[in-house]
Structures are given as C-alpha cells and as structure tokens.
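The values are calculated or read from the model by the stated rules, or taken from the named source; none is laboratory data. These figures come from a predicted structure and were not determined experimentally. All Cβ positions, glycine included, derive from the backbone under ideal geometry; neighbour counts span all protein chains shown.
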Amino acid sequence: MKISKILTITLLLGLFGYACIPSGYSSIAGDQVIITEVLYDTPGTDSIEEWIELFNPTSSEINITDWIIEDNYDTFNLTGVIPAKGYFVAAIDETGFFNLYGYYANQSGGWNSVALGNSGDRITLYDNDSVEVDYVAWEGGDVEWSSLSASWTTIRRTNATDTDTAGDWEDSLTTGDPGTGSYIIIPELPISLASIFFILFGIITFVGLSYRKK
Ligand SMILES: [Ca+2]
Ligand SMILES: [Ca+2]
Ligand SMILES: [Ca+2]
C-alpha cells in the first residue's frame, strides 16, 4: 500500500473518530466541585432572593460541610452533601427563594454579612482545608471578570471546561434553574468509539511507517 494511501486512510479514521465526540453537550469533565450559577442581581429584593449553585461533576458524593463561601466582605459555612453529578443550592433566605421558584434550596440563610453586590462582587469557594476550589466574579468585583454582568437574571457557567475566566460564563437572561442545569456527562459510548478510532489511527500510522521502512 502506498504511503499516501495509508495517510489518507488514517486521516479519515482520525476525522471520523473526532466527529464521534458529541459537541452538543455542556459537559463538565472536571474532578472538582464548581460554581455553576449565581443570582446576584435579583428581580425583587436582593437581601432575600440571592443564591449560589454548585455542581459536583464527579462520580462520588462530596460532603461540603464546613466548606466556605467568601465574598468581598464576609464568609459563611456550607452544610450538606452534593450527590454525584448533582447540584447544591445555597440561598440567602428560605422564603424569598421559595417565593421565586416554588421549592426550597438545599441550604437557606446563615449567610452572615455575605451579600452579592449588583455592580460587582466575587465569590470564592474553599474546601474544609481552606483550599480554593472555585471562583467567580462579575462587573466591578474583579477587573478581569468585568465583562460578566446580568440584571434581574442569573449568570451561569456554559463552558465544558473550567478555565477560571469570565469566558466560561454568560448571562442566562432568565431567573435561572437553581438545582438543575445542562451540565450532563458525555455519554460513555461515543467517547469509547472516539478512543477506538484514535487508537486505530495510531496503530495504522505505526504499521504504515514500519511498512515504509522495509
Ligand atoms: Ca445583589
Ligand atoms: Ca458582597
Ligand atoms: Ca442551574
């Protein structure tokens, strides 16, 4: 077989493998809890309607008791467990949240003096070893995040990978979906299929090059 033919076949197989990776999914491939949605500029009274949503992309539940949320002014402790591939919502006020969404957050109240500034603020999530786990900022809360803003709507994570930039986020243009979202996991079959084709790509290239040496 001519080397050009081998290269063509391997290229086609590689492209087919790549095409098998689904692109329509907003998946989180990380192994750490991430902040996925925030309502900081609420449609009504901010002091009773703000909330923060977390997502656990791993295959195991994660106990976030004594993890800490810090804004520009104060901190509060989280209490609870995030199921595998599940969400956790911390609301500033039980009734205010219920009146907006018709159900309760996983954790309500106890925010101390944490209040999410409408013209800029930042949230850092720390685990119980005080290690920073995730971070988000908006408007004037951090100059590098100033492009992210919303009014009466949530900001939400859109990017499949966590690059720790405002580019991972957008204005949802709605009051959001606390406790749910589109962060689904890439189906295993297409990934396996893609992997098989990438492996085939490697084998055929190797065989092709060996053949050429003879
Ligand atoms: Ca606010
Ligand atoms: Ca604040
Ligand atoms: Ca959500």
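Key figures
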quantity	calculated
Single unsatisfied condition, Asp74 versus (1) of a type outside the set (Val, Ile, Thr); (2) more than 28 Å from Gly44 (Cα to Cα); (3) within 16 Å of ligand 2 (Cβ to nearest atom)	(2)
The range 108-153 - residue that is polar (S, T, N, Q), closer than 16 Å to Ile69 by Cβ and in contact (Cβ under 8 Å) with a residue 40 or more places away in the chain and, of those, nearest to ligand 2 (Cβ to nearest atom)	Ser113
Every residue from the range 126-159 that is under 18 Å from the mean Cα position of the chain (by Cα) and of a type in the set (Phe, Trp, Tyr)	Tyr126, Tyr135, Trp138, Trp145
Residue tally, condition in contact with a Phe, Trp or Tyr (Cβ under 8 Å, 6 or more places away or on another chain) and modelled with pLDDT under 95, over the range 136-158	2
When residues of the range 160-210 are limited to those that are among the aromatic types (Phe, Trp, Tyr) and either in the same structural domain as Ala90 (by TED's automatic domain parsing) or surrounded by 12 or more Cβ atoms within 10 Å (Cβ to Cβ) (or both), the one modelled with the highest pLDDT	Trp169
Hits in the range 131-177 - residues which are touching a Ser or Thr at 6+ places or on another chain (Cβ under 9 Å), of a type in the set (A, V, I, L, M) and on the phi < 0 side of the Ramachandran plot	Val133, Val136, Ala137, Ala150, Ile155, Ala160, Ala166
Verdict on Leu116 being within 16 Å of ligand 3 (Cβ to nearest atom), assigned to a loop (DSSP other than H, G, I, E, B) and out of contact with any Ser or Thr (no Cβ under 6 Å at 6 or more places or on another chain)	yes
Conditions (1) farther than 16 Å from Glu53 by Cα; (2) in contact with a helix residue (DSSP H, G or I) (Cβ under 6 Å, 6 or more places away or on another chain); (3) within 16 Å of ligand 3 (Cβ to nearest atom); number of the one not met by Ala105	(1)
Of residues in the range 89-134 being β-branched (Val, Ile, Thr) and buried (at least 19 other Cβ atoms within 10 Å of the Cβ), the one farthest from Glu37 (Cα to Cα)	Val114
Which listed residue is closer than 22 Å to Trp138 by Cα, in contact with an Asp or Glu (Cβ under 8 Å, 6 or more places away or on another chain) and not hydroxyl-bearing (Ser, Thr, Tyr), from Ile92, Ile69	Ile92
